[in-house]
1. Any idea which residue in the range 61-90 is surrounded by the most Cβ atoms within 10 Å (Cβ to Cβ), counting only those that are assigned to a helix (DSSP H, G or I) and modelled with pLDDT of 75 or more?
2. Here is a check on your reading of the model: is A94 within 12 Å of V235 (Cα to Cα), of a type in the set (A, V, I, L, M, F, W, C), touching a residue at least 60 places away in the same chain (Cβ under 8 Å) and assigned to a loop (DSSP other than H, G, I, E, B)?
3. Residues of the range 171-192 being in a loop (DSSP other than H, G, I, E, B), farther than 11 Å from I121 by Cβ and without any contact (Cβ under 8 Å) to a residue 60 or more places away in the chain, which ones?
4. Can you tell which of R146, R159 is of a type outside the set (A, V, I, L, M) and more than 15 Å from I216 (Cα to Cα)?
5. Could you please find all residues in the range 116-155 being part of a loop (DSSP other than H, G, I, E, B), loosely packed, with under 14 Cβ neighbours inside 10 Å and of a type in the set (S, T, N, Q)?
6. Sort through V235, V158 and tell me the only one that's in contact with a strand residue (DSSP E or B) (Cβ under 6 Å, 6 or more places away or on another chain), within 22 Å of R88 (Cβ to Cβ), outside any strand (DSSP E or B) and among the hydrophobic types (A, V, I, L, M, F, W, C).
7. Restricted to the range 255-286, and to residues that are in contact with a helix residue (DSSP H, G or I) (Cβ under 6 Å, 6 or more places away or on another chain) and among the hydrophobic types (A, V, I, L, M, F, W, C), which residue is modelled with the lowest pLDDT?
8. Restricting attention to the range 394-401, does a residue exist that is surrounded by fewer than 19 Cβ atoms within 10 Å (Cβ to Cβ), touching a Phe, Trp or Tyr at 6+ places or on another chain (Cβ under 9 Å) and either of a type in the set (K, R) or not in a helix (DSSP H, G or I) (or both)?
Amino acid sequence: MRPDDIFRLAFGQLRVNPLRTVFTLLGIVVSVGFLVAVVAIIQGMNAYVKENIAEAMIGMNTFQVRRLPISLGLFTDDEFRLLQKRPRVDERDAAAVESALPDALAIGLSSGWPTPRSDIIWRNRTLGSVLVFGVTEGYQVVQDYRFTSGRPLSDVDVRERRNVVVLGADVAKDLFDQGNAIDQEVRIAGQRFTVVGVVAPKGRVLGQSFDAFVMIPIPSFESIWGRRQQTVVSVKMRAAEEVGPAMARAQEAMRIARHLRPSERDDFDIGTGEAFIAFWKQLTRVLFAVVPAVVAIGILVGGIVIMNIMLMAVTERTHEIGLRKAVGATSADVRRQFLAESAALAMAGGIFGVLSGSGLALLVSTLSPLPARVTLWSVVLSLVLGAGIGVLFGVYPATRAARLDPITAMRAET
């Protein structure tokens, strides 16, 4: 028989018992659909983190000098205790980095992220637990803040320790509705601050607003919350290709400023948004490690069901097998026929699984901000798995059918 005849007969057999076919395919459909959907969601989450969260937290063409790395969760307890002994990053470190990078577009110092929080009070209105952090003038350039009204914090504000504040868009809206916030007086941690600017909205990421904050000069911040908050030096270069060499120069300047010997390890961390992305991918690898096990169990169950169904088909079609052999079909023809039927079953399950997984990914993408992305490799892997499982678990039934004696088989009840 030609291959097209074999598969035409195989798919014809699937239509003979549609209900049995559906239940046979269920295990493979669920497993393949789960694989495609989970991979699509994880890929979408990775893209979302790269395109939104990392850029919103750190910015474009930028890097940071920090006391502690972003990926603290990847360290052991002993390593974490050593990290905690590192000296804090301060204005002297910022000065050292600035002297090493005269070509930087901006260099700024910030303190407080992601804490502390404070109530912001204006007249009889109070906003609870608003993120407050202290900054220098350059930090606002690094973060590429735009202002809907007023001005950014200036170098004079920082030097003279003025009690002035810049509001995020959400804070300004909640406190003043559509009114003018500039020159209004608000209370932060019991002290009075004059509003000098309102930052343009940056939007929300995974339901978390990047506009619910206030910024004050870093000396004013430290006079309230002290100097033990996490302080970060942020550097913005003019182009992405300048970031790598600039990080190397900043690292050298920091080591010199801290009098570190060549044999001593850095007691600071330098990283870009890629560090956060790498940390996120480390977390998603855990999920990727679980997915194959779940899919393997489902595929195994589906394969066992296919084998049992094909054994039942051999029993039901014993007379047909004997008749085919009597008119000239060889054992190889019968074996190919039953292998094709089991492969067709599994392939059909794989196709429906890909469609259901893609549909679930589309639903997630529609109902959430995650841009779930179906990848070609997951589709190809799913179809290959489906066909492979069909062939693997169809070998025994096909071999059993091929070994039937034609005379004995024709005596079977039709």
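The values are calculated or read from the model by the stated rules, or taken from the named source; none is laboratory data. Just so it is clear, the model here is predicted, and its values are computed rather than measured. All Cβ positions, even for glycine, are placed from backbone atoms using ideal geometry, and neighbour counts span all protein chains on display.
1. L83
2. No, not satisfied.
3. D177, Q178, G179, N180, A181, I182, D183
4. Sole residue among the options that is of a type outside the set (A, V, I, L, M) and more than 15 Å from I216 (Cα to Cα): R146.
5. Selection gives N124 alone.
6. Step by step, each of V235, V158 is checked, and only V158 is in contact with a strand residue (DSSP E or B) (Cβ under 6 Å, 6 or more places away or on another chain), within 22 Å of R88 (Cβ to Cβ), outside any strand (DSSP E or B) and among the hydrophobic types (A, V, I, L, M, F, W, C).
7. F276
8. Within the range 394-401 (the criterion being surrounded by fewer than 19 Cβ atoms within 10 Å (Cβ to Cβ), touching a Phe, Trp or Tyr at 6+ places or on another chain (Cβ under 9 Å) and either of a type in the set (K, R) or not in a helix (DSSP H, G or I) (or both)), the answer is yes, since at least one residue qualifies.
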